[in-house]
Amino acid sequence: MLQQVNCAGELLGACMSLGESLLGHLKKFPSPPYLFIGSGISRRYLNLEDWPGLLKKLCEIHELDHGYLSTEAAGDLPQLATLVAQTLQPKWWKEDRYKDSREKYAAIAVDKESALKIETAIYLKSAAKLTNDAGLLAELELFKKVVADGVVTTNWDNLIETLFPGQTVYVGQEGLIFSQIQGIAEIYKIHGTQDDPLSLVFTANDYSVFQQKNPYLASKLLTFFVENPVVFLGYSLADKNILRIIHSILDGLSNENVNKLADRLVFIQWDPKCENSRFERTILSHDGRSLPVYQGTTSSMAEVYEALGKVKRQIPAKLLRLLKQQVYQLVHSTDPADRLYVQDINDETPPDKIEFAMGVGLLAKLRDVGYVAISREILARDLVFNDQGLNAKTVVEKSLPELLKSAKYVPVLRYIRLAKSIDGFVPDLMDGRVVKAASRTLEAYLKKNGSGKLIESAKKFKGDFLAFSEKDTIERTMAYWYYLPEIAFQVDQVENFLKEKFDLLINHPNPNIRTSFSRLISVYDYLKDAQEAAK
């Protein structure tokens, strides 16, 4: 196991604050840091329990003998979670108190551990309450301004998504290992998420599977560790799970390459008793090899977030991710029609011969070329978050006709509305596919035909979209929302739902869920356009 060995006498920042020392250290690297966020952050701002406390709380809620199960587990927390799961499972299936849970989640209760994960997700959603402490709320405002290339977290709650809205979220090891990640403006929830109960890494079996895949995870994380400094928040240097990940990374490196990681890892620890903040160099030792890291200790996280907010970046993270994604898709395309063109800034090549244009000081005549290849994801994100900076006239004239050749659910109304205020836009010249898509009513996106208990339940549902989405799993919500009556849809409710679930849904492994998401995006486009027209 990795062990910490303190470097005696090597105290940095003796004349500087922790924030100044941290910022000075991060300035040594060409890239902004990656954040590795642990449960200490959730405890601080959401008043959630640590892992032992969570298991004790779950035993209390479900009337299980925590003391007996703890002695049986002999201090092994994953094993304790396994015993809690096995004890809860028959109660969950038989007792009336779990009737509502069974109705919502029976379809995903696939093994003896499912009930615990389902009830844990339910508990986290209800118990995670944002602090009302003025000082902590001020810290969170600083946290939102932190400059980081991305976030890796073992937390299950959704605080990180709230702090960094619009970033793409990947869930579980497989989400990180098998996805076409860009490494920028992305959140990796490697231990799962409360929005997908079965994704939670909780029991002994879960950790066994996690450890088997650790070398693959480590190979992915190594990219971040080599290209970026990594700041750990909410973990201690003694955290076994983090040390195992670092262990796996070191095992795959030669001594020479281990040296390249020197000083890139920074652990920030909060200590309420700390009177003088410290920023110290220390050593992580494993199998005779040493890795220098830094440890900051403070009683105020505000100075840490302030320092991280002062890190310089040339291009906004979400824009940089978009550029990387477009380049990746171009380079990996097997379509011979795709063309990569490199030109001198004074080259006279006609812009219509270029499929993808990228450069510094890009000529105005090339500006519109990339709009032809804009994806539905970009339009959907722009519709929901209004953060892509797209030219509406060009979207209507270039992007929408191309997308509508192969896709039915494409947001069009926002861009037509905005394009009408741009000089040179002629509505009568719009492509026929765009005109047809713009003529669809709300009814066109909903279904009336179909039979079955859940379909009939949706058709007869008396509440609104919010109530429907809260009464069931995200998968069932997306499978049946379009059977709701038209009166159920309120623009603000749909907007909030899409903002909260955007990354989960757009990256969902089930293609039917992704199609349903695109359909809901079109519904939101219709509702939002009607709202704007009524102003």
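Only the coordinates and a few stated rules stand behind these numbers; no lab work does. All figures in this text were calculated on a predicted structure; none of them were measured in a lab. Positions of Cβ are generated from backbone atoms using ideal geometry, with glycine treated the same way; all protein chains shown enter the neighbour counts.
Other residues lying with their Cβ under 12 Å from the Cβ of His66 contribute a combined charge of -2, Lys and Arg counting +1, Asp and Glu -1.
Give the total of Lys-Lys pairs in the range 115-243 with Cα-Cα distances below 19 Å; include a pair only if its members are 8 or more places apart or on different chains. Step by step, the pairs that qualify in the range 115-243 add up to 9. Each of the peptides 501-507, 134-140 was scored by the mean count of other Cβ atoms within 10 Å over its residues; in descending order, highest first, they stand as 501-507, 134-140.
Under a model in which nothing but the beta-carbon of Lys, Arg (+1) and Asp, Glu (-1) is charged, the range 12-135 shows a dipole of about 440 debye around its Cα centre. Computed packing ranks the peptides 120-130, 228-238 as 228-238, 120-130, most packed first, by mean other Cβ atoms within 10 Å. Considering every alpha-carbon pair of the range 442-533, the percent of pairs per 5 Å bin, from zero through the bin containing the longest distance, is 2, 14, 26, 28, 19, 9, 2, 0. Pairs over the 20 Å Cα-Cα cut-off, from the set Lys420/Lys535; Lys28/Lys273; Lys99/Lys499: Lys28/Lys273; Lys99/Lys499. Peptides 53-60, 446-453, 272-279, ordered by how many other C-beta atoms sit within 10 Å of their residues on average, highest first, read 53-60, 272-279, 446-453. Counting only Cβ charges, +1 for Lys and Arg and -1 for Asp and Glu, the dipole size of the range 442-533 around its Cα centre is about 480 debye. If the chain linking Lys420 and Gln86 were pulled fully straight, counting 0.36 nm for each residue of separation and taking away their Cα-Cα distance, it would gain 114.1 nm.
The spacing between the range 470-535 and the range 17-95, judged by their C-alpha centroids, is 32 Å.
Modelled this way, with points 7 Å down the Cα-to-C-beta line, the labels at Lys129 and Met16 are 4.1 nm from one another. Computed over the range 51-127, the convex hull of the alpha-carbon atoms projects to a mean area of 4.8 nm².
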